[in-house]
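Presented below is the structure to which this report refers.
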Amino acid sequence: MLRAGRRTSLLAVGVATAALAALTPATAFAAPEPFGGPGQQRLRWERCAQDQPASLECTTVRVPLDYADPHGRTIGIAVSRMKADGTAKRRGVLLMNPGGPGGPGLTMPAEMAPRLAAEVRERFDLVGFDPRGVGRSTPVHCGLAPDEQALDHPYSAGTFGQDVARARSVADKCRARAGDLLPHLTTRNTARDMDAIRAALGERRISYLGHSYGTYLGAVYTQMFPRRADRFVLDSALDPALVWRGVPRGAAEAAELAFTRWTEWAAARDAAYGLGATPEAVRAAFWELVARADRTPIVLEGQAFDGDAIRAQYRAFVRVEAVTPFVVALKAAAAGAAAPAAPAEAETEVGAEAEGPDVDNMVSVAWAVLCGEGRSWPRDPEQYRRDAIRERAAHPLAGDFGSNIQPCAFWKSAPREATTVVNNDVDVLIVQNEWDPQTPLAMAEGMRRVLHGARMVTVAGGEGHGAVVAERPSCADADVTRYLVTGRLPAKDRTCG
């Protein structure tokens, strides 16, 4: 899922008619090239932006808004590329998606180029794109207020009425501003757009690097176009079986595991941090801070933290060394002492702390996909209340954040079926940090189970959302390079550390 903030683009969801989409994979591959194939579109490339490298060039690929009506209204998909460094060794294109749903991807080639091995850069054009509805690709804007741009909210009996009103407002605004586009903002349509990009570039197959939601998008592509998928790398994977109602629940469960690990880590360093000599003592100290903040918010560096605001940092607990000074600072501020450190940077959903004019666009597309694809969202607000109370009891740190009332309860466009069953033998490499706050290890293991031809590399002790896309080196980098260069997967699933 998307993060907010300065690194949104990397860190923070094929073309055919509706009839073709229902054909068997082999038959679909045998069909004529889709809308946008070679010779059907003349692509005009130009420099993407003055603040981007001159080697990053952009164009627009036209695709149908509705694939059931391939000769009807079209929309633009903004595409970028950095050409391969070598020509003799060039294999094709490496399409990229940063996550979301709603994440812009035009700058991803320039951001990933320094992180990929030279052997990879010699063989692939790096290709990014803004998915349909996003950024420069016929964008969708719902015109959401700042408090409507967060994807999750804590539950409180006293504010539940306001939460319901906010969720209804988001759904109403999106329908009023973009009702003609919303039904077509789906993962399967974005996969069809990917195949249109492949065809427009004159490529028989594509390779792919997808992060977070981009792993689900990539898996859906392999399900729809298995013989057009070359070398696919999925970094920080979602479990298709959880799409979409189950994803926040999975994250809440993982937050409890990360919190328990943190209490053990902090207890072992009580001499340095003074939070407690046992995990139980550290846990008690944390919840005492939450209760204290619920009575009187704790002011830290000019920001007031109530108990919910402290719990909202739950994604930060995967980074034990970073989050501990934040808790220490809260404890000191609560006692009236000078705060020794600033708050830790939390792993937040898109919109929670995002900056810039594109937040409305990203969140609008996120809701269009999350609500438009899911038939599992309850329609009764009271069901959300019951779910939030139950989930918080089971997972006190974060259980209510994702289970509280959502705009999906009031979404009017007919839900499109999400692809919850992938189940194929396409060769795929999954890479996963052991401690990922947004797509936890259990989700990646779920993706691995349905991709029977895949191999998975788990980074033991790896912290944060993203292994390959992270700015720091990973022990999975060599596996990714080998696979992209040679096509060879590891002999079996493995763990590196």
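Quick look at the numbers
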{"item": "Yes/no for residue 227 being in a helix (DSSP H, G or I) and over 23 Å from residue 449 (Cα atoms)", "result": "no"}
{"item": "Residue 60 being at pLDDT below 90 and not assigned by TED's automatic domain parsing to the domain that holds residue 373", "result": "no"}
{"item": "Contacts under 8 angstrom Cβ, first residue in the stretch 366-378 being at negative phi and among the acidic types (Asp, Glu), partner in a helix (DSSP H, G or I) and buried (at least 23 other Cβ atoms within 10 Å of the Cβ), 6 or more apart", "result": "373/187"}
{"item": "Residue match in the stretch 414-424 (condition: over 30 Å from residue 173 (Cβ atoms), at pLDDT below 95 and of a type outside the set (Val, Ile, Thr))", "result": "yes"}
{"item": "Sole exception among (1) in a loop (DSSP other than H, G, I, E, B); (2) touching a His at 6+ places or on another chain (Cβ under 7 Å); (3) closer than 30 Å to residue 384 by Cα for residue 154, by number", "result": "(2)"}
{"item": "Filtered residues of the stretch 161-192 (kept if surrounded by 19 or more Cβ atoms within 10 Å (Cβ to Cβ) and hydrophobic (A, V, I, L, M, F, W, C))", "result": "167, 170, 171, 174, 178, 181, 182, 185, 191"}
{"item": "Test for residue 195: is it of a type in the set (D, E, K, R), at negative phi, crowded, with 22+ Cβ neighbours inside 10 Å and in the same structural domain as residue 220 (by TED's automatic domain parsing)", "result": "yes"}
{"item": "Long-range neighbours under 8 Å by Cβ, at least six apart or interchain, first residue farther than 22 Å from residue 452 by Cβ and in the same structural domain as residue 438 (by TED's automatic domain parsing) within the stretch 198-222, second assigned to a helix (DSSP H, G or I) and of a type in the set (Asp, Glu)", "result": "none"}
{"item": "Any hit, the stretch 139-147, residues being surrounded by fewer than 24 Cβ atoms within 10 Å (Cβ to Cβ), out of contact with any Ser or Thr (no Cβ under 9 Å at 6 or more places or on another chain) and in a helix (DSSP H, G or I)", "result": "yes"}
{"item": "Residue match in the stretch 75-98 (condition: over 17 Å from residue 113 (Cβ atoms), β-branched (Val, Ile, Thr) and either at pLDDT 95 or above or crowded, with 19+ Cβ neighbours inside 10 Å (or both))", "result": "yes"}
{"item": "Test: residue 247 is more than 30 Å from residue 482 (Cα to Cα) and part of a helix (DSSP H, G or I)", "result": "yes"}
{"item": "Residue check for residue 232: of a type outside the set (Ser, Thr, Tyr), within 30 Å of residue 421 (Cα to Cα), in contact with a strand residue (DSSP E or B) (Cβ under 8 Å, 6 or more places away or on another chain) and buried (at least 20 other Cβ atoms within 10 Å of the Cβ)", "result": "yes"}
{"item": "Criterion (under 27 Å from residue 90 (Cα atoms), among the small types (Gly, Ala, Ser) and under 15 Å from the mean Cα position of the chain (by Cα)) met by exactly one of 250, 218", "result": "218"}
{"item": "Residues of the stretch 121-154 classified as among the hydroxyl-bearing types (Ser, Thr, Tyr) and on the phi > 0 side of the Ramachandran plot, total", "result": "1"}
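Residue by residue, here is whether (1) in contact with a Gly (Cβ under 9 Å, 6 or more places away or on another chain); (2) within 25 Å of residue 474 (Cα to Cα) holds:
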site: 208; (1), (2): yes, yes
site: 223; (1), (2): no, no
site: 242; (1), (2): yes, no
site: 246; (1), (2): no, no
site: 251; (1), (2): yes, yes
site: 278; (1), (2): no, no
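Here is a yes/no grid of residues against (1) within 20 Å of the chain's Cα centre (by Cα); (2) within 26 Å of residue 246 (Cα to Cα); (3) not aromatic (Phe, Trp, Tyr):
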{"site": "412", "(1), (2), (3)": "no, yes, yes"}
{"site": "430", "(1), (2), (3)": "yes, yes, yes"}
{"site": "439", "(1), (2), (3)": "yes, yes, yes"}
{"site": "454", "(1), (2), (3)": "no, yes, yes"}
{"site": "463", "(1), (2), (3)": "yes, yes, yes"}
{"site": "467", "(1), (2), (3)": "yes, yes, yes"}
{"site": "488", "(1), (2), (3)": "no, no, yes"}
{"site": "491", "(1), (2), (3)": "no, no, yes"}
{"site": "496", "(1), (2), (3)": "no, no, yes"}
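The values are calculated or read from the model by the stated rules, or taken from the named source; none is laboratory data. Note that this is a predicted model, so its numbers are computed, not measured. Reconstructed Cβ throughout: ideal geometry from the backbone, glycine too, with neighbour counts over all protein chains shown.
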